[in-house]
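Okay, structure first, notes after.
The values are calculated or read from the model by the stated rules, or taken from the named source; none is laboratory data. Keep in mind the model is a prediction, meaning the values are calculated, not measured. Glycine also receives a Cβ, built like all others from the backbone with ideal geometry; neighbour counts cover every protein chain displayed. Protein only, heavy atoms only, side chains kept; ligands, DNA and RNA dropped before computing areas. Shrake-Rupley method; radii C 1.70, N 1.55, O 1.52, S 1.80 Å.
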Amino acid sequence: LRTCCQADSDRIAGRFAEAAASYESLASTSMRNPETFAKASQCYTSIKDYGKAIVMLDSAVSCYSLHSKTSSAPYILTRALVKVSAGKYRDAVRDYNSYEEAMGERLNATFYYMREQAEVNARMFQQALNDIEMAIYLDAENPLYYIEKGILCYRVKMTDEGLRAIEKAKELSPDSPDVYYLLGCLYMQNSSKANSRANFEKALSLGHPDAKAKLEELK
């Protein structure tokens, strides 16, 4: 069964590679346009050949003059996402920045959250804090952004700020096991064992998979 699955996977990868090559060949004809390069990039991304996928998107962006940044913006954003998949986080942040500049306006909360994720992975923590704050400002009722801020604050040891963020997340999503687990972690960081234990117990009762191990640590 494993051999058959591998064979199917290889055939699918081969088809994507063939499709990518076809799109690339069109790029040398009168059909050369940004969308042709973008389609080739999609094919390469599907087989996780991120290097070639990025090169194709470079070509898509280069189809536009420097005075057409708005037109090239969708390809810049797509390139940022591919770079994140490739683990090129700082390069991805630069593309997110270029996209924001090209759009020339404040973007939505999802954009700032995505850029924050890349910044965290690039260890650009101040920029990440700024972006998650912007996401919260734009979508103040989404518990995900408060949870993300709490995780980031825990990572950089901004414990009190993290606790405030997760308490707000608890207001918005009172049955989330992640909320109580993170509260437990933050209180543990703050050496408040009683509060930490209470929150880990609540997280465990809600089914968090790591809460039991944390309770063991507190013994």
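Computed extension length for Tyr137-Lys219: 25.6 nm, one decimal, from 0.36 nm per residue of separation with the Cα-Cα distance subtracted.
Computed in the context of the full set of protein chains, the accessible area of the stretch 82-219 at 1.4 Å probe radius has 46% of its extent on carbon or sulfur. The P(r) of the stretch 51-125 has a tail past 19 Å containing 31 percent of all C-alpha pairs.
For the residue pairs Lys170/Lys214; Lys170/Lys202; Lys157/Lys193; Lys149/Lys202; Lys168/Lys219, the C-alpha atoms sit more than 24 angstrom apart in Lys168/Lys219. Using the Karplus relation 6.51 cos²θ - 1.76 cosθ + 1.60 with θ = phi - 60°, the per-residue 3J(HN,Hα) values for the stretch 139-149 come to 9, 6, 9, 9, x, 4, 6, 5, 4, 4, 5 Hz, with x marking Gly and Pro.
The GluC sites (Glu not before Pro) found in the stretch 119-162 that occupy coil by DSSP, while having at most 14 further C-beta atoms within 10 Å, are Glu141. Think of the stretch 140-219 as having a plus end and a minus end, set by charges on the Cβ of Lys, Arg, Asp and Glu; of Asn195, Asn142, Cys153, Asn195 sits farthest toward the positive end of this dipole.
Shape analysis of the chain yields a ratio of the Cα radius of gyration to the Kirkwood radius, Rg/Rh, of 1.11.
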